[in-house]
1. A:Asp289: open to solvent by less than 30 Å² (accessible area, probe 1.4 Å), of a type in the set (Asp, Glu), within 14 Å of another protein chain (Cβ to nearest Cβ) and touching a residue at least 12 places away in the same chain (Cβ under 8 Å), yes or no?
2. Considering (1) assigned to a loop (DSSP other than H, G, I, E, B); (2) under 17 Å from B:Ser133 (Cβ atoms); (3) among the acidic types (Asp, Glu), say which one A:Asp289 fails and leave the rest.
3. Being under 24 Å from A:Ile149 (Cα atoms), open to solvent by less than 30 Å² (accessible area, probe 1.4 Å) and of a type outside the set (A, V, I, L, M) narrows it down to one of A:Ser68, A:Ser52, so name that one.
4. Does A:Thr167 count as closer than 16 Å to A:Leu26 by Cα, open to solvent by less than 30 Å² (accessible area, probe 1.4 Å) and not hydrophobic (A, V, I, L, M, F, W, C)?
5. If you take the residues of the stretch A:26-55 that are under 25 Å from A:Tyr70 (Cβ atoms) and part of a loop (DSSP other than H, G, I, E, B), which of them is modelled with the lowest pLDDT?
6. Mind checking whether some residue in the stretch A:339-350 is under 19 Å from B:Tyr136 (Cβ atoms), touching a Gly at 6+ places or on another chain (Cβ under 8 Å), open to solvent by 20 Å² or more (accessible area, probe 1.4 Å) and in a loop (DSSP other than H, G, I, E, B)?
7. Assuming A:Thr368 fulfils every condition listed in (1) open to solvent by 20 Å² or more (accessible area, probe 1.4 Å); (2) in contact with a strand residue (DSSP E or B) (Cβ under 9 Å, 6 or more places away or on another chain) apart from one, which condition is it?
Amino acid sequence: MRLKNVLLSIAVPLLMLMSTISHAVLTIEIDEGYDNATPIAVVPFQQPNTLSAEQDIANVIASNLRRSGYFKPVSEKKFPEQPFEVEQINFAKWHSVDTDYLIIGQVSEQSSDRYQIDIAFVDRLRKKVMLNKRWKNIRGSQLRKVGHIMSDAIYQEILGIQGAFNTQIAYVTVQKENKKKVYTLEIADADGFNSQTILRSYEPIMSPAWSPDGRNLAYVSFENGRSEIFIQSIYGSFRKKLPAFKGINSAPSWSPDGTKLSMTLSKGGNPNLYIMDLKTGKFEQVTSDRAIETESDWSPDGQTLYFNSDRRGQPQIFAIDLKTKQTKRITFEGGYNSNPDLSADGKFMSILHNNGSGLNIAIYEFETGDVYTISDTFLDESPSFSPNGEMVLYAMNRGGRGQLAVVSKDGKASQVLKVKNAEVREPAWGPYVK
Amino acid sequence: MNKLKLTLLPALLISLVGCSSTPTGTEMETQGSATVVDPATPEYSGIQTTSLNRSEYLDPMDLTQAENLSQMTSEELAEMEPKGVFFPVIYFGFDQFNITDDSLETIKFYAEILKANPTKTIKISGHTDERGSSGYNLGLGEKRASAVFDAFSTLNIAADRLDTVSFGEEKPALAGSNEEAWAKNRRVELLLK
């Protein structure tokens, strides 16, 4: 049972708003939500009317919670009152409203472009303040971030799982400018806002991979006519080309401690896995098969590499123990399994999977060995887990162009992220940043 | 005789080289075409990439050898009637990188040209359709280019005259997400230089 497009009407005013900000911004459409999503009342905050709609923290929180699929913000029209402090809540008045929770808050300007924010998360049934937080001296440009941090806290309070709203994503866009394809590497907040271009090129850009500290991206660029791996800082202008070998240099993935990079090189004649020690610059060959061995990802303990190989004819996921060099096949179900991305707890792996009805995103559960498809879009690829393992960001094709989608780990809630006039592909969800 | 016959081939090829200057062909040229953008700079104005120079890239073949044509007898010229000029593209099945008999004819055709023109080299670019993961497809494009490289090698073309590169699914020859486009995109492009 899926509530296809039911929530779209709620998202439309927000989309119109977003489209006026910048043409490069990612816009989000909610495709499907849970039937039994929890109603939640996000009361408009009391705040200076000089703030833009984009700086509306209540809106940020409501949108985040809605996007998770678990929550259903209640229409403002149903609010019997608009309290902005806990003391103002008249609980009796809220009996008629179908909601267990209230979120209220206020923003006041302390000095020029410096704000104080108070937000309370209230359990209406138990008449209990679950969270009451205050931020001081916050710049206007950081108000959305406060909304994301509060969303994470509320998500954790209700569901017992850390939220992933205060995180970033990386992706590649392709668009035509003067009949020429232009590729950009972008970073944006997890809700698509604040997108920033960190690389523009006339040649393809692929496979962005976040360093575990969230400060660097490794990626593949064809700017010199062939695939080469680069590391670039998110903040500042550090950029370095890694040693490039004959053939392909591709599919970088950081070790969990950030000291090594696994990658695929074909310098030995066939695409095989290698590990580069980023301190010493030394390369170690990990696999040496005649097949295509690529798209490696590390286990959280850094002891195992998961990758796909077509050594049995079609791509399947294998694992190699980095100490013993023992290889074992992981996936057996379906004729095409590739591009593994492990959840941070190592319990699941998101993969590209063909169960006979096309290429879709699936989850492999290590404990049971079960594989279940979670996406139902067209030409899916590049799955990337949110850092809390709850959602998977991936690339797909809709209406003849590449777009991104986010789907919950159980496949029941999903959203589409697209950029006007551009294709979007190769997404990677960044880690929690301390 | 055989030597004379081969000297004409470059002339026949001029049109082929012209054909390869489709969008995918011209995009192969790259020289410092990427620009790093510092996120600290909020406004990024325009593209700072260098423009491609089409004429430099195409590197037309040397036509002076066509003079040899006049030295051929009419009989020889009749024999020159092209039995088949091979378009410089080799196609593959889905997730395949084997060289078919038809493909081998194309490779032989270009191997003969290389033998007749010792200063020429050939660029072998492997491509895939858009289906499947891009990392795997980059590997698959490499496998396709390598298979063509190996075929040239068995025809005694020296390795230093063969330049392979894989673009995976990144540079489709034909836009579209359908069987027709996919079939055209699973390919190796040959480019004489």
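The values are calculated or read from the model by the stated rules, or taken from the named source; none is laboratory data. Just so we're clear, the structure is a prediction, and the values are computed from it rather than from any experiment. Because the Cβ atoms are built from the backbone with ideal geometry, glycine has one as well, and the counts that use them run over all protein chains shown. In case anyone asks, the SASA skips ligands and DNA or RNA and just uses the protein heavy atoms, side chains included. Shrake-Rupley method; radii C 1.70, N 1.55, O 1.52, S 1.80 Å.
1. Working: open to solvent by less than 30 Å² (accessible area, probe 1.4 Å): no; of a type in the set (Asp, Glu): yes; within 14 Å of another protein chain (Cβ to nearest Cβ): yes; touching a residue at least 12 places away in the same chain (Cβ under 8 Å): yes.
So A:Asp289 does not fit the description; no.
2. All conditions are met except number (2).
3. On the way: A:Ser52 fails: open to solvent by less than 30 Å² (accessible area, probe 1.4 Å).
Going through A:Ser68, A:Ser52 in turn, the sole match is A:Ser68.
4. Values: closer than 16 Å to A:Leu26 by Cα: yes; open to solvent by less than 30 Å² (accessible area, probe 1.4 Å): yes; not hydrophobic (A, V, I, L, M, F, W, C): yes.
Considered against the rule, which asks whether it is closer than 16 Å to A:Leu26 by Cα, open to solvent by less than 30 Å² (accessible area, probe 1.4 Å) and not hydrophobic (A, V, I, L, M, F, W, C), A:Thr167 comes out as yes.
5. By that ranking, first place goes to A:Gly33.
6. We begin by selecting, within the stretch A:339-350, every residue under 19 Å from B:Tyr136 (Cβ atoms); these are A:339-342, A:349-350.
Restricting the remaining residues to those that are touching a Gly at 6+ places or on another chain (Cβ under 8 Å) gives A:339.
Imposing the further condition that a residue be open to solvent by 20 Å² or more (accessible area, probe 1.4 Å) reduces the set to A:339.
After this cut, where a residue has to be in a loop (DSSP other than H, G, I, E, B) as well, the list is none.
Looking for residues that are under 19 Å from B:Tyr136 (Cβ atoms), touching a Gly at 6+ places or on another chain (Cβ under 8 Å), open to solvent by 20 Å² or more (accessible area, probe 1.4 Å) and in a loop (DSSP other than H, G, I, E, B), one finds none in the stretch A:339-350, hence no.
7. For A:Thr368, the failing item is (2).
Residue-by-condition table, conditions (1) open to solvent by less than 30 Å² (accessible area, probe 1.4 Å); (2) within 30 Å of A:Lys181 (Cβ to Cβ):
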| site | (1), (2) |
| --- | --- |
| B:Thr106 | yes, yes |
| B:Ala111 | yes, no |
| B:Lys115 | no, no |
| B:Thr119 | no, no |
| B:Ile124 | yes, yes |
| B:Asp129 | yes, yes |
| B:Ser133 | yes, yes |
| B:Gly139 | yes, yes |
| B:Ala175 | no, yes |
